[in-house]
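Working notes for the structure below.
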Amino acid sequence: MVSHQALADQADTLNFSASTTKLFDDNLFRRPDGEVSDQVTVNRLGINVDKAYSLQKFHANLNVTDNKYNKSDFLDFTAKQYSLGWDWAVTPNLTGTLETSRDERLNDFRFVTAPVKNVVTIKTHNFEADFSPHKIFHFLAGVTVIETENDNAFNFDQQEEISNRTRRLNLGGRYDFASSYLKAMYHKGHSEQANNIADPSRFARWIDKESNSDSYELVYETTSDKRLNYKAHLGYVNKETPVFTMRNYSGWVGDVSATYALTSKISLNGYAGRTLRSFIREDSSYAEIDSFKLGLRYEFSPKLAFMANTSYLTRNYLGRGPAGNGHRDDHEASALAGVYWSPRNFVNASLSVSKSRRNSTDNFFDYDDTSAFMTVGLLF
């Protein structure tokens, strides 16, 4: 989906935004056959506030998004989203952030093909402190709390997004070079499942009440405005559960992303990476995902731009469950082309068409989908 918002004056303290999107989807539930097409209308209203006082900066973003389905109207819902933040500073050498946010979204039918409504609400609270005596090396420390809630947990407990609360301690450091930085971090996490999924059948499926995780990461990123900018990330993840140890997993993760300006009007962007994600089912405990993306953007003028991108990923479901290992592998490919037009600095419009396909060793999860999006937005 191509969605942009017109640019207002960067010095504005208060901005209001509004947009409407029309989505046409010929396989809404991502089924291998018996496809259900639908039209979705998404209306969005937002308020954004940015205000600086001396060394302090406050920002707030509030959005209400109304989703209406033409045929599958049982999926209609209104999402209330916000993010509130304080970029604090005791001195220029001791700074940090205090942030909280709320996001609501409908379940992803790529993973749950049943025509059942499940709205996922994610609340994130984050505190970070950055101490840098000489503005070269930074000592970093923080705490993150993530609360995830499903409103239809029984039907969706196979997803990563089981209702849970995760607390994470973040420690590390960053070294700033002239036009890049190198950062090393350690994350210690503990997750507890929420009470609203404590049904008797959960124990039979070997879904643990809690889990612990340790992860390490090394990040190098360029920060200049040169023609080539890139970011490289390498990490190691280890997750353990105290009772059903077959749900444990660990492994290396990493990714590389880059943008390259071929000319003043044409730019390329690319991504390649591997992630590990919890995916609890009777025959798997996690997924290993390898992703590749390539995109092209052509700015015909400051008001008109064309873009295209393509992606490919493999998703291997690993680990064991009470039914052993299902040895399921998915292969997904997608392509998108779109155009963005902003005749004035307070109005924009975009149009895009996408095609996606999945082939799985379990034919039940195959699908072929074509979607089109049209968006008009205002910012004032």
* Count, please, the residues in the range 308-325 that happen to be open to solvent by less than 40 Å² (accessible area, probe 1.4 Å) and either in a loop (DSSP other than H, G, I, E, B) or in contact (Cβ under 8 Å) with a residue 60 or more places away in the chain (or both). => 2
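For (1) modelled with pLDDT of 95 or more; (2) outside any strand (DSSP E or B); (3) open to solvent by 60 Å² or more (accessible area, probe 1.4 Å), each residue gets a yes or a no:
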| site | (1), (2), (3) |
| --- | --- |
| 1 | no, yes, yes |
| 11 | no, yes, yes |
| 32 | no, yes, no |
| 57 | yes, no, yes |
* To do: Kindly establish whether residue 359 is assigned to a strand (DSSP E or B), out of contact with any Pro (no Cβ under 6 Å at 6 or more places or on another chain), open to solvent by less than 30 Å² (accessible area, probe 1.4 Å) and in contact (Cβ under 8 Å) with a residue 24 or more places away in the chain.
  => no
* To do: Kindly indicate whether any position in the range 100-107 is within 30 Å of residue 29 (Cβ to Cβ), modelled with pLDDT of 95 or more, in contact with a Phe, Trp or Tyr (Cβ under 7 Å, 6 or more places away or on another chain) and not small (Gly, Ala, Ser).
  => yes
* Do we have residue 64 as β-branched (Val, Ile, Thr) and either surrounded by fewer than 14 Cβ atoms within 10 Å (Cβ to Cβ) or under 30 Å from residue 34 (Cα atoms) (or both) here? -> no
* Asked: Any residue in the range 336-355 that is in contact with a Phe, Trp or Tyr (Cβ under 9 Å, 6 or more places away or on another chain), among the basic types (Lys, Arg) and at pLDDT 95 or above?
  -> no
* What is the residue count in the range 160-206 for residues that are closer than 21 Å to residue 126 by Cα, of a type outside the set (Lys, Arg) and modelled with pLDDT of 90 or more? -> 13
* Of (1) surrounded by fewer than 16 Cβ atoms within 10 Å (Cβ to Cβ); (2) at negative phi; (3) not small (Gly, Ala, Ser), residue 149 satisfies all except one. Which? -> (1)
* Structure fact -> Exactly one of 288, 299 is among the acidic types (Asp, Glu), assigned to a strand (DSSP E or B) and within 21 Å of the chain's Cα centre (by Cα), and that residue is 288
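The values are calculated or read from the model by the stated rules, or taken from the named source; none is laboratory data. Bear in mind that the values here come from a model prediction, so they are computed numbers and not experimental data. Using ideal geometry, Cβ is built from the backbone for each residue, glycine included, and neighbour counts are taken over all protein chains shown. In case anyone asks, the SASA skips ligands and DNA or RNA and just uses the protein heavy atoms, side chains included. Shrake-Rupley method; radii C 1.70, N 1.55, O 1.52, S 1.80 Å.
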